[in-house]
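Written out below as structure tokens is the structure these notes cover.
The values are calculated or read from the model by the stated rules, or taken from the named source; none is laboratory data. Bear in mind that the values here come from a model prediction, so they are computed numbers and not experimental data. Every residue, glycine among them, receives a Cβ derived from its backbone with ideal geometry; neighbour counts consider all protein chains shown. Protein only, heavy atoms only, side chains kept; ligands, DNA and RNA dropped before computing areas. Shrake-Rupley method; radii C 1.70, N 1.55, O 1.52, S 1.80 Å.
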Amino acid sequence: MAGKNERQRRQAREKHRRQQEQRLVRQRQVRRRWAIGTLAVLVAAGVGTLLLIFLPGGSAKKASASASKSPSASPTATATAVAEPAHHCTYTAATAAAKKVSKPPATPDFTDSYQATINTNQGKITFNLLNNKATCTVNSFVHLAQAGYFNNTQCHRLLTSGIYVLQCGDPYATASAKLNCSTTSKIGTGTPGYDFASENLTGAKYPAGTVAMANEGSASTNGSQFFIVYKDSTSGLTASYTPFATVSSGLGIVQNVAKGGYSCQYAQSGGGVPKKKVIIDSVTIKKT
């Protein structure tokens, strides 16, 4: 009997240890995937201060320069220049996919022009995809859209201060999910199971209507999550996020969502869950 009780105690301790490790892993994933990175360098009274913005919450957060060493506040991402339009794309296996999907083809249709229509519960938002400037990014987005990867997902993050964006593209944020700002949630960590390099960063600007990739703070960590800029954020965002499309219609929908604000604030990364739920029913791709 004594031996049996000791085994049960050991098993209970081991189960508790595994649960603790899994909780820490989820927290690290949230901090990495939701980080948009270093936003800008502000100079006040002769002292440089980093303004750090993270993508799943509303308000900007100020931090000292030492904060840039944090995993969720990476320095400006840089990428190896690739001649565009790219004739070959590399997609590298990464974190397990949030929703099962294949990798995009390595050989993109670099001569084509595409238009994407995001069909949401709030209305249609149409993008013109920049295939001649961000070929591999467009190739991935088109592939995911045609595979139904974005279907029945929510835009999970709204920022309304410092930079002005709505972030979408995480299948963990399902249409039926009740989103919250818990640090143990998987929301904001979803990937398609592969990473790829940034593009179109030279001289990148982020005026209203820009659609760009969210990343984990480095140039090779693009996946499926993207953000729509609803108000000029050029002075806030560094050229670290691949601009791959421009909104041709429906920007007012995003601006109306932004006016509603967010319901809770992400403690570690700023911003929050939009009060006006934005559900992506489907994404339609058309060659133009």
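Take the conditions (1) touching a helix residue (DSSP H, G or I) at 6+ places or on another chain (Cβ under 9 Å); (2) open to solvent by less than 40 Å² (accessible area, probe 1.4 Å); (3) over 23 Å from Lys99 (Cβ atoms); (4) among the hydrophobic types (A, V, I, L, M, F, W, C); Ala208 misses just one of them, which is (2). Here Leu201 meets each of (1) open to solvent by less than 10 Å² (accessible area, probe 1.4 Å); (2) touching a residue at least 40 places away in the same chain (Cβ under 8 Å) with one exception, condition (1).
Screening segment 136-238 for strands (runs of 3 or more DSSP E) wholly inside it with 3 or more residues that are in contact with a Pro (Cβ under 8 Å, 6 or more places away or on another chain) returns the ranges 210-213. Name the residues in segment 93-113 that are hydroxyl-bearing (Ser, Thr, Tyr) and open to solvent by 80 Å² or more (accessible area, probe 1.4 Å), would you? Those that are hydroxyl-bearing (Ser, Thr, Tyr) and open to solvent by 80 Å² or more (accessible area, probe 1.4 Å): Thr107, Thr111. A single entry from Gln225, Gln167 fulfils the requirement of being touching a helix residue (DSSP H, G or I) at 6+ places or on another chain (Cβ under 8 Å), crowded, with 20+ Cβ neighbours inside 10 Å, closer than 24 Å to Gly261 by Cα and not basic (Lys, Arg): Gln225. Test Ser220 against the stated conditions and say whether it is surrounded by fewer than 17 Cβ atoms within 10 Å (Cβ to Cβ) and at pLDDT below 90. The answer is yes for Ser220.
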